[in-house]
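Take a look at the structure below.
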Amino acid sequence: MANSLFIEGLIENDRYKLLAAPKSDLHNHSTKGCSLAWVEERTGHSFPKPPLRFDGLEGMQKWFTSYIKPFCSGYEGIVLRWEGAFAEAGRNNIKRLAMNFGAEEIELAGGIDDFRKLIEVFRMKHCPETDFEPELTYISSCDIDEASDSIDKYLQSGYFKSIDVCGGENIRPFEAFLPLYRKAERYHLIKRMHVGESGTADDVRRAVELLGLDEVHHGIGAAGSKDTMRFLADNHIQLNVCPSSNVMLGYAEDYKDHPIKTLVDNGVEVTINTDDLLIINSSIENEYLKLYEAGTLTAEQLEEIRIRGLTGRSK
Ligand SMILES: [Zn+2]
């Protein structure tokens, strides 16, 4: 059987083929989902390249607020970055895109109806054929009572397909988020959470069991336990992994020894994603190429992952 365009692209180190192959991005924070090149082009400002390593999530946030945000700040800056995230989806042939938005960002856009109209203009302009799955995200330090009281107005719209909690692990016990995840369940959302980025295999398993997660954002900590990996594999809990983010934040040593290899070898279903493209500065085709060039995964394994991201299946 002939190699797919994507496998050829990996083997031949041909970015045009990798760009042309349909891909997914299922872990993408919308306000940081555009490329640095997009902001450079639109603002005329040229940015320094990010360092090879950040000092954890805080270090990354500090870099963003010091070097990038001042040139694309306020609501106008958010809108510029939102449009850029869809432009990247168009440029990189991202055919399935799950992108997350915070409630306060939706309010900045004038509430759910105006927000939806604005986002749909960008989607139609840049990637009309992309399956777009908006995700509603809350930071882990949010006011959960307030959030679970006001979440209905967002979910009743039917626009959101998944829920997420991000912004640091082990801020409070997983049980504290139950009111939000119960609401998400009522609206038939895919339930995701950032866990196992800095946290352990045990954290991943407990979050999945307690909150009924369907998928995990990151989850690489699971590679530390055969039992947890078996649990995830048996229950088809997909991990939406972001290799460069993990390496730059110091949660993975390097690409070659990235935990994604152990996860794949143990039958855990994974996808490959960008996380914060504007900061990490590694677009989706580059994420696959990095893992291929480091010998972490074979072209065939990466092809399976690409197909799973598009279809939810690996074949
Ligand atoms: Zn993330």
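Read-outs: derived from the displayed coordinates by stated rules, not from any lab. Just so it is clear, the structure is predicted and the values come from calculations on it, not from any experiment. Cβ atoms come from the backbone with ideal geometry, glycine included; neighbour counts cover every protein chain shown.
Of note:
- Estimated FRET transfer efficiency when R0 is 51 angstrom, pair residue 145-residue 12 (beta carbons, to 0.05): 0.40
- Ordering 9-21, 61-73 by mean Cβ neighbour count within 10 Å, with the highest value first, yields 9-21, 61-73.
- Hits among lysines - C-alpha to C-alpha of residue 256 under 17 Å, sequence gap 8 or more where chains match: 290
- Residue order, fewest to most surrounding Cβ atoms within 10 angstrom, among 116, 186, 81: 186, 116, 81
- Sorted fewest first by neighbouring Cβ atoms within 10 angstrom, 25, 202 come out as 202, 25.
- Label zone at residue 53 (point 7 Å along Cα-to-Cβ), backbone N below 20 Å, the range 195-230: 197-200, 220-221
- Nearby lysines by direct alpha-carbon distance to residue 191 (threshold 24 angstrom, same-chain neighbours under 8 apart not counted): 23, 32, 95, 153, 161, 183, 226, 315
- The convex hull defined by the C-alpha atoms of the chain has an orientation-averaged projected area of 15.0 nm².
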